[in-house]
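What follows is a single structure, written as structure tokens, with notes after it.
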Amino acid sequence: MSHTYVTGFPRIGEKRELKFALENYWSGKTDFAEVEKVAATLKARHWRYQKEAGIGFISVNDFSLYDNMLDTAVMLGAIPQRFQGLEGEALYFAMARGNDNAVAMEMTKWFNTNYHYIVPELSTSDSYALNAQKIIAEYKEAKKEGITPKINLIGPITFLGLSKRTDRGDTYELFGKILPLYEELIKEIALLDAQVTVQIDEPIFVKDIDPKVLSLIKPCYDALCTTAKNVDIIVATYFEHAVEATKVLVHTPVWGIGLDFLYGKENMQVLDVIANSGKKLIAGVVDGRNIWKNNMETTLALLEHLAQTVTKEQIILSTSCSLLHTPFTLAYEEKMDTEVKQWLSYAVEKLDELALLAKCFFDETLSDAEKKAYAKNIADNESRRNSTRIHDKAVQARVASITKTEREGVYEERIAMQHAHFGYKPLATTTIGSFPQTPEIRRARRQFKKGEIDDATYTAQMKAYIDECVAFQEACGLEVLVHGEPERNDMVEYFAELLKGYGFSENGWVQSYGSRCVKPPFIYGDISRPEPMTVSWITYAQSLTDKPMKGMLTGPVTILNWSFVRDDLPRSEVSRQIALAIHDEVDDLQKAGIKIIQVDEAAFKEGYPLRSKNIPEYEAWAVRDFKLAVSSAEKDTQIHTHMCYSEFNDIIRTIEAMDADVISIETARSGNELLKIFAKVGYRQEVGPGVYDIHSPRIPSVDEIVEQIHKLLEVLPKEQLWINPDCGLKTRKWEEVKPSLENMVKAVKVVREELGI
Ligand code: GLN
Ligand code: ZN
């Protein structure tokens, strides 16, 4: 029997072939046949990699041209009304990306990863019908390549749990409509082979699970498992423990249960029930969402521990989740430091880890090459444990001796001093930081990185941009200015490159959504800041104007949440080290005369744990580290923060506890509805709710913004409000930004006149 199992494999391609094929097709450069050709090549190659590594359970239908949730919606015929009349690829991509007549379906984060899925839209009045064509075709393709694959499906309970109903009702009410389609699907699958294995992903089981959802599990899996005798069903869970669901699943006829033993340690609690059930345990022991080389000693010890309760015959070694969340292969990392590189393992390398672990665990005789590979694994881990590049005594000593953890002065005292210092009026105007990233500045950054232009040329180009940016803001009448962030490619990568302890890849792309990929930097060692990171840019910008210039930093929690993080130190400790680096930058900025500093926490919410039980701990250190990062700010230095969302209902007290003087948020698309929570809880600090949506090229009119400000004034007093767009402007064009901001400033003038300010 096969001992090794891969939950899913990345599909974008080792050179992002799928991305380029899709984008060429979307822009009309190629036709759809070309996309299909590339897709077929990639699938076959990915199956081959897994087969050659000796993986037993290889997937089909982990592939997608855009997203698996979208595929599932299409499979079930859950097509929103506005796309009726379309079919095939036109329909599929219209649902994903919108077209001239219909807006795209909503997209949202897949659990606590940086992958985003398309949110299916369901309605009780729609009728659904199965279309299993994609799955059947992929199965046959794999067979042609000499693979007998398992079929990956998103489970009905997760599908419903992550969908939304157009009338806002409970999606689970549609369970009775959807389950029969899955049964039909299993019947079709049963015809494919003498025996077929199906992996049904139910990651929703790892969240807080309510009794109603729990009550669906048994009927659902009793039904699916008895639909066809020759189909073995595995329920896969990942990212956290699934103890409650597992206790139910063992009483259904499922063949196996997939549990994550890296991010869901509580899964240990269900070993005995699994042992008694005799079911297969698909044990997630190779990290599917991080880039570190497996520590085989530790993993084998973990497996032996499992085997004290569950028999070895029951255990199958698996990735902890789909490898979709890791980069593809280290093969193209040619520039990476060799010491650091030997600590890493991407998707392709993880296949070999699984295979070797299985050989060791199941006492198979190792070949000489395998013995060598095992010895190398031990040595590489040893090297990582002891490297001086990881352990920085000075950083550790500093963390151990932190005494000042927050700013001096309570908010009321500070804000009074800040008003005295800056003398700004109610409804003060500002922006969130970035201005349009033009092709010219992108090119200059690229050339500088490659060494094609020298420092002086580069700096001159950036300064020229800042000149223009400041001149525009002054002419427009904005009150608190920014330098525009031309030197930043990305709000995390920019800082990562200037911090010690960070590594970078050339090709470590991970799919974020559709054809989009991100290349997160990785934290391998203790973090420190060798020298100031932003001071020269910001002080240059300040030298151009008498208006206050807002310094712009990224906060520790966001830097952490958008990086691959070392696994040999708790995240909370890594976050604290980053906070100290930001603390020093805040101090250097204020010493250089910059007295308004924004510390962005765009990804604060992304780090929230999946289980509510773990939330207090996260909130405690996340707030602690934001406060530490700004603890160097004097009382009359005004600290702003920015968050890219507006649903604060559950976390408003936590946001308040961060104690920023001003927070800008993203309310533009929701009128004043989402702002009400601030009034409701008696939020004291100043707030800048975005008055127009920067995600659209549309230019808001003066009247529209006036109306929006009126709405804000229904909720919060003018003294507490700032007026700004709802996020950074870097993705927009100058032609859009200029008139929009001019209208915003005019609108403020109108409202101030009305109010006699
Ligand atoms: N200061 C950043 C910018 O304006 C903030 C971006 C963000 O919140 N995503 O681009
Ligand atoms: Zn934002």
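The values are calculated or read from the model by the stated rules, or taken from the named source; none is laboratory data. Owing to the predicted nature of the structure, the values given are computational and were not obtained by experimental measurement. For neighbour counting, all protein chains shown are included, and Cβ atoms are generated from backbone atoms with ideal geometry for every residue, glycine included. Only protein heavy atoms, including side chains, enter the accessible area calculation; ligands, DNA and RNA are left aside. Shrake-Rupley method; radii C 1.70, N 1.55, O 1.52, S 1.80 Å.
Normalised by the residues of region 1-151, what does the relative contact order come to in percent, with Cα pairs under 8 Å and at least six apart?
26
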(request) Report the relative contact order of the chain, percent, no decimals, based on alpha-carbon pairs under 8 angstrom and at least 6 residues apart. (result) 11
(message) Explain nothing, just compute: Karplus ³J(HN,Hα) = 6.51 cos²θ - 1.76 cosθ + 1.60, θ = phi - 60°, for every residue of region 678-688 in order, whole Hz, x for Gly and Pro.
(response) 4, 5, 4, 8, x, 4, 8, 6, 7, 9, x
(message) Give me the dipole magnitude in Debye, nearest 20, for the chain about the Cα centre, with unit charges on the beta carbon: positive for Lys and Arg, negative for Asp and Glu.
(response) 640
(message) Let me check I've understood the local charge: for GLU23, count other residues with C-beta under 14 angstrom from its C-beta, Lys and Arg +1, Asp and Glu -1. What total comes out?
(response) +3
(request) Quick one: of LYS404/LYS680; LYS393/LYS450; LYS109/LYS605; LYS15/LYS450; LYS43/LYS144; LYS218/LYS279, which pairs are farther than 22 Å apart, Cα to Cα? (result) LYS404/LYS680; LYS393/LYS450
(request) Using a 1.4 Å probe and ignoring any ligands, DNA or RNA, find the accessible area of ARG669 and quote it in Å² to the nearest 10. (result) 150
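Any idea of the accessible area per residue across the chain, 1.4 Å probe, to the nearest Å²?
39
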(message) Just to make sure I understand: if all protein chains stay in place, what is the order of TYR424, TYR502 by accessible area at 1.4 Å, largest first?
(response) TYR424, TYR502
(request) Please state, as a whole number in µm²/s, the translational diffusion coefficient that the Stokes-Einstein equation yields for region 126-185 at 37 °C and 0.692 mPa s, with Rh defined as the Kirkwood radius across alpha carbon pairs. (result) 245
(request) Using the Karplus curve 6.51 cos²θ - 1.76 cosθ + 1.60 with θ = phi - 60°, work out ³J(HN,Hα) for each residue of region 613-628 in order, rounded to whole Hz, and write x for Gly and Pro. (result) 4, 8, 5, x, 5, 4, 4, 4, 7, 5, 5, 3, 7, 5, 5, 5
(message) Could you work out [θ]222 nm for the chain from helices alone, using -39500 (n - 2.57) per DSSP H run of at least four and dividing by all its residues? Round to the nearest 500 deg cm²/dmol.
(response) -13000 deg cm²/dmol
(request) With the full set of protein chains in place, find how many percent of the accessible area of region 591-738 is carbon and sulfur; take the probe as 1.4 Å. (result) 51
(request) Please work out how much length the chain gains when fully extended from LYS547 to LYS449, using 0.36 nm per residue of separation minus the C-alpha to C-alpha distance, in nm with one decimal. (result) 32.0 nm
(message) Please compute the modelled spin-label separation between GLU304 and THR457, points set 7 Å along Cα→Cβ, answer in nm with one decimal.
(response) 6.1
(request) For each pair in LYS164/LYS627; LYS51/LYS312; LYS207/LYS280, compute the distance between the two Cα atoms and list the pairs where it is over 29 Å. (result) LYS164/LYS627
(message) Output the 0 to 90 degree angle, nearest 10, between the alpha-carbon long axis of helix 296-307 and the longest principal axis computed from the alpha carbons of the chain.
(response) 60
(message) Net charge within 10 Å of GLU406 by Cβ-Cβ distance, Lys/Arg positive one each and Asp/Glu negative one each, not counting GLU406 itself?
(response) +2
(message) Which order do you get for LEU191, LEU86 if you rank them by accessible area with a 1.4 Å probe, largest at the top?
(response) LEU191, LEU86
(message) Can you give me the long-range amide H partners of LEU344? Hydrogens built in the peptide plane at 1.01 Å from N, cutoff under 5 Å, separation of 5 or more residues or another chain.
(response) LYS293
(request) Would you work out the relative contact order for region 684-757, in percent, from Cα pairs under 8 angstrom that are 6 or more residues apart? (result) 46
(message) At 1.4 Å probe size, put TRP722, TRP734 in order of accessible surface, largest to smallest.
(response) TRP734, TRP722
(request) Any chance you could give the angle, 0 to 90 degrees and rounded to 10, that helix 734-755 forms with the longest Cα principal axis of the chain? (result) 60
(message) Name the residue from SER572, ASN614, LEU553 whose Cα lies farthest towards the positive end of the charge dipole of region 530-655, charges +1 on Cβ of Lys and Arg and -1 on Cβ of Asp and Glu.
(response) ASN614
(message) Calculate the FRET efficiency for TRP255 and ASN101 from the Cβ-Cβ distance with a Förster distance of 51 Å, rounded to the nearest 0.05.
(response) 0.65
(request) First compute the accessible area of region 418-558 with a 1.4 Å probe, then give the percent of it belonging to carbon and sulfur atoms. (result) 50
(request) Taking 7 Å along the Cα-to-C-beta vector as the label spot, tell me the HIS695-LYS29 distance in nanometres, rounded to one decimal. (result) 2.7
(request) Taking the Cβ of VAL470 as the centre, find all other residues whose Cβ is under 12 Å away and add up their charges (Lys, Arg: +1; Asp, Glu: -1). (result) -1
(message) Given points 7 Å out from each Cα along the Cα-Cβ axis, report the VAL535 to GLN81 separation in nanometres with one decimal.
(response) 6.1
(message) If I compute solvent accessible area with a 1.4 Å probe over the protein chains, what percent of it on region 262-368 is carbon and sulfur?
(response) 49
